[in-house]
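Novice: The structure under discussion is supplied below as structure tokens; questions concerning it will follow.
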Amino acid sequence: MTDLSAVKAALKSQRIETPSWGYGNSGTRFKVFRQAGVPRDPYEKLDDAAQVQAATGVAPVVSLHIPWDRVDDFAELGTHAKKHGLTLGAINSNVFQDDDFKLGSVTNADPAIRRKALDHLLECVDIMDQTGSRDLKLWFSDGTNYPGQDDIRARQDRLAEALAAVYERLGDDQRMLLEYKLFEPAFYTTDVPDWGTSYAHCLKLGPKAQVVVDTGHHAPGTNIEFIVAFLLREKKLGGFDFNSRFYADDDLMVGSADPFQLFRILHEVAKNNGLAAETGVAFMLDQCHNIEAKIPAVIRSVMNVQEATAKALLVDLDALTAGQRSGDVLAANAVLMDAYNTDVRPLLAEIRQEQGLNPDPMAAYRDSRWQQQIVAGRVGGEQAGWGA
Ligand code: AOS
Ligand code: ZN
Ligand code: ZN
């Protein structure tokens, strides 16, 4: 039997980190559709994130991206966050938007360009010192487009050298999370294409280096929950970049394309103690809202993660184990499906009411009339950094 008060406590203490770039304009390489009222600077992105927190109560952390969120005084930005009940989360580095990085950043054959990329990563750690962030998120667009373009193994050597230098610079309470991605923007080889490559580098580096699983970065049909179970067992799952994909790195709202997959992933997390803060799994969103209203889209995404988490917590683990041990395939499968098919929305509404929140976060946002306020008050909002 599932202990409902433990389920409620776990749901109340879950922390979902929202991305600063999710609040800004974004698009594809074809078009950025600008929306009225989007933030004009990192301070206003935090103001929007505060609305998500006010509506959901479980999203008080915001990931920043450098240079998109560069400010003169990060301590002041931290104070602004605190004033709104927020903290600054992962610092996302960017070694993909500079002409110098056309043939790679830390894997580039040119030592001067490698140095420039490394300096940026080290600067991100300096910023973490000021923001109090725990995590440095590393995603490298590095790769090649044509066979023979560069030496695959030499690029791994250069990558390892840069990662080691960043690792050395980390403080005692800081971590580096190495993200992998199958392809794009490189189309032939990618230097960190899969969890195995990320894991191998992190293993060599040490305990402060962990893998981050972006749910949109796999080949179709990849069993992501297997990767999650494996990494948790090895204490190497640093966190998630949650989003949904139909085709490639679509960055759609998490849980919109395949809620069953999200449930299966969160089942592995829940049963392997991954929801406990001390396990250190960061539940981050990495999404862009190109055609839908941004703040409600982030709220909906947070709710989708909560719903999948609630279903995962409702899995009757005793019955599941009994089915598994006795080889009763159908019984074990039924235990999972029963939890997945439970409508957890009334439970989540109850939890929100217990926390003094509106049981319906989407209605809470509508009623706040924040959207009308920003549309009237913010003129000339800029894009997040994508699709310039
Ligand atoms: C890129 O595809 C990755 O998902 C990155 O994690 C991320 O979208 C980017 O670095 C924005 O910070
Ligand atoms: Zn990502
Ligand atoms: Zn991505």
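Novice: Taking segment 170-182 as the search range and keeping residues that are in a loop (DSSP other than H, G, I, E, B) and within 14 Å of ligand 2 (Cβ to nearest atom), which one is farthest from Met284 (Cα to Cα)?
Specialist: Taking segment 170-182 as the starting set, the residues that turn out to be in a loop (DSSP other than H, G, I, E, B) are 170-174, 180-182.
Checking which are within 14 Å of ligand 2 (Cβ to nearest atom) leaves us with 180-182.
Details: Tyr180: 15, Lys181: 16, Leu182: 19 Å.
Only one residue fits best here, namely Leu182.
Novice: In this structure, does Gly89 turn out to be part of a loop (DSSP other than H, G, I, E, B) and either more than 18 Å from the chain's Cα centre (by Cα) or surrounded by 18 or more Cβ atoms within 10 Å (Cβ to Cβ) (or both)?
Specialist: On the way: part of a loop (DSSP other than H, G, I, E, B): no; either more than 18 Å from the chain's Cα centre (by Cα) or surrounded by 18 or more Cβ atoms within 10 Å (Cβ to Cβ) (or both): yes.
So Gly89 fails the test.
Novice: So is Asp250 within 16 Å of ligand 1 (Cβ to nearest atom), touching a strand residue (DSSP E or B) at 6+ places or on another chain (Cβ under 6 Å), in contact (Cβ under 8 Å) with a residue 12 or more places away in the chain and of a type in the set (Asp, Glu) or not?
Specialist: Numbers: within 16 Å of ligand 1 (Cβ to nearest atom): yes; touching a strand residue (DSSP E or B) at 6+ places or on another chain (Cβ under 6 Å): no; in contact (Cβ under 8 Å) with a residue 12 or more places away in the chain: yes; of a type in the set (Asp, Glu): yes.
So Asp250 does not fit the description; no.
Novice: If you don't mind, there's one more thing I want to ask. Tally up the residues in segment 175-207 that are touching a residue at least 12 places away in the same chain (Cβ under 8 Å), away from ligand 3 (no atom under 16 Å from the Cβ) and surrounded by fewer than 17 Cβ atoms within 10 Å (Cβ to Cβ), please.
Specialist: Selection size over segment 175-207: 5.
Novice: Here's something else I'd like to know. Scan (1) within 16 Å of ligand 1 (Cβ to nearest atom); (2) touching a Leu at 6+ places or on another chain (Cβ under 6 Å); (3) assigned to a helix (DSSP H, G or I) for the single condition Val62 breaks and write down its number.
Specialist: Against the list (1) within 16 Å of ligand 1 (Cβ to nearest atom); (2) touching a Leu at 6+ places or on another chain (Cβ under 6 Å); (3) assigned to a helix (DSSP H, G or I), Val62 comes up short only on (3).
Novice: Would you point out the residue of segment 19-36, among those that are out of contact with any Ser or Thr (no Cβ under 7 Å at 6 or more places or on another chain) and under 23 Å from Val61 (Cβ atoms), that is surrounded by the most Cβ atoms within 10 Å (Cβ to Cβ)?
Specialist: Selected residue: Gly24.
Novice: Right, another one. Quick check, is Ala55 of a type in the set (A, V, I, L, M) and within 19 Å of Leu357 (Cβ to Cβ)? Write out each step before concluding.
Specialist: On the way: of a type in the set (A, V, I, L, M): yes; within 19 Å of Leu357 (Cβ to Cβ): yes.
Yes, satisfied.
Conditions (1) closer than 26 Å to Glu123 by Cβ; (2) in contact with a strand residue (DSSP E or B) (Cβ under 8 Å, 6 or more places away or on another chain); (3) touching a residue at least 60 places away in the same chain (Cβ under 8 Å); (4) among the charged types (D, E, K, R), marked per residue:
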| site | (1), (2), (3), (4) |
| --- | --- |
| Thr18 | yes, yes, yes, no |
| Phe33 | no, yes, yes, no |
| Ala55 | no, no, yes, no |
| Thr79 | yes, no, no, no |
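Novice: Sticking with this structure for a sec: How many residues does segment 123-149 contain that are surrounded by fewer than 20 Cβ atoms within 10 Å (Cβ to Cβ), of a type outside the set (Phe, Trp, Tyr) and more than 22 Å from Asp173 (Cβ to Cβ)?
Specialist: 5
Novice: Condition first: of a type in the set (Asp, Glu) and in contact with a Phe, Trp or Tyr (Cβ under 9 Å, 6 or more places away or on another chain). Now tell me which residues in segment 266-303 satisfy that.
Specialist: Of segment 266-303, the ones of a type in the set (Asp, Glu) are 268, 278, 286, 292.
Glu268, Asp286 - these are the residues of segment 266-303 that are of a type in the set (Asp, Glu) and in contact with a Phe, Trp or Tyr (Cβ under 9 Å, 6 or more places away or on another chain).
Novice: When the residues of segment 213-252 are narrowed to those that are aliphatic (A, V, I, L, M) and in contact with a helix residue (DSSP H, G or I) (Cβ under 8 Å, 6 or more places away or on another chain), which ends up nearest to ligand 3 (Cβ to nearest atom)?
Specialist: Initial filter on segment 213-252 (aliphatic (A, V, I, L, M)): 213, 219, 224, 227-229, 231-232, 237, 248, 252.
Adding the requirement that they be in contact with a helix residue (DSSP H, G or I) (Cβ under 8 Å, 6 or more places away or on another chain) leaves 213, 224, 227-229, 231-232, 237.
On the way: Val213: 11, Ile224: 14, Ile227: 16, Val228: 17, Ala229: 22, Leu231: 18, Leu232: 22, Leu237: 18 Å.
Filtering segment 213-252 for residues that are aliphatic (A, V, I, L, M) and in contact with a helix residue (DSSP H, G or I) (Cβ under 8 Å, 6 or more places away or on another chain), the one nearest to ligand 3 (Cβ to nearest atom) comes out as Val213.
Novice: Turning to a different aspect of this structure: Are any of the residues in segment 159-169 over 15 Å from Ser105 (Cα atoms) and assigned to a loop (DSSP other than H, G, I, E, B)?
Specialist: no
Novice: Of the conditions (1) over 26 Å from the mean Cα position of the chain (by Cα); (2) at pLDDT 95 or above; (3) surrounded by fewer than 16 Cβ atoms within 10 Å (Cβ to Cβ), Val379 fails just one. Which one is it?
Specialist: The one condition Val379 does not meet is (2).
Novice: Please go through (1) touching a residue at least 40 places away in the same chain (Cβ under 8 Å); (2) of a type in the set (D, E, K, R); (3) closer than 30 Å to Val32 by Cβ for Arg369 and return the number of the only condition it doesn't satisfy.
Specialist: If we test Arg369 against (1) touching a residue at least 40 places away in the same chain (Cβ under 8 Å); (2) of a type in the set (D, E, K, R); (3) closer than 30 Å to Val32 by Cβ, just (1) comes out false.
Novice: Could you tell me whether any residue of segment 137-144 is away from ligand 2 (no atom under 16 Å from the Cβ) and under 25 Å from Ala248 (Cβ atoms)? Show your work before the answer.
Specialist: Filtering segment 137-144 down to residues away from ligand 2 (no atom under 16 Å from the Cβ) leaves 144.
Subset that is under 25 Å from Ala248 (Cβ atoms): 144.
Yes.
Novice: In this structure, is Val38 assigned to a strand (DSSP E or B) and either within 16 Å of ligand 1 (Cβ to nearest atom) or more than 18 Å from Ala90 (Cα to Cα) (or both)?
Specialist: Working: assigned to a strand (DSSP E or B): no; either within 16 Å of ligand 1 (Cβ to nearest atom) or more than 18 Å from Ala90 (Cα to Cα) (or both): yes.
The answer is no for Val38.
Novice: Can you pull out every residue in segment 276-331 that is within 21 Å of the chain's Cα centre (by Cα) and surrounded by fewer than 18 Cβ atoms within 10 Å (Cβ to Cβ)?
Specialist: The answer is Ala276, Ala277, Glu278, Thr279, Gly280, Ile291, Glu292, Ala293.
The values are calculated or read from the model by the stated rules, or taken from the named source; none is laboratory data. Since we're looking at a predicted model, the values are computed, not measured. Note that we place each Cβ from the backbone using ideal geometry, even for glycine, and neighbour counts take in every protein chain shown.
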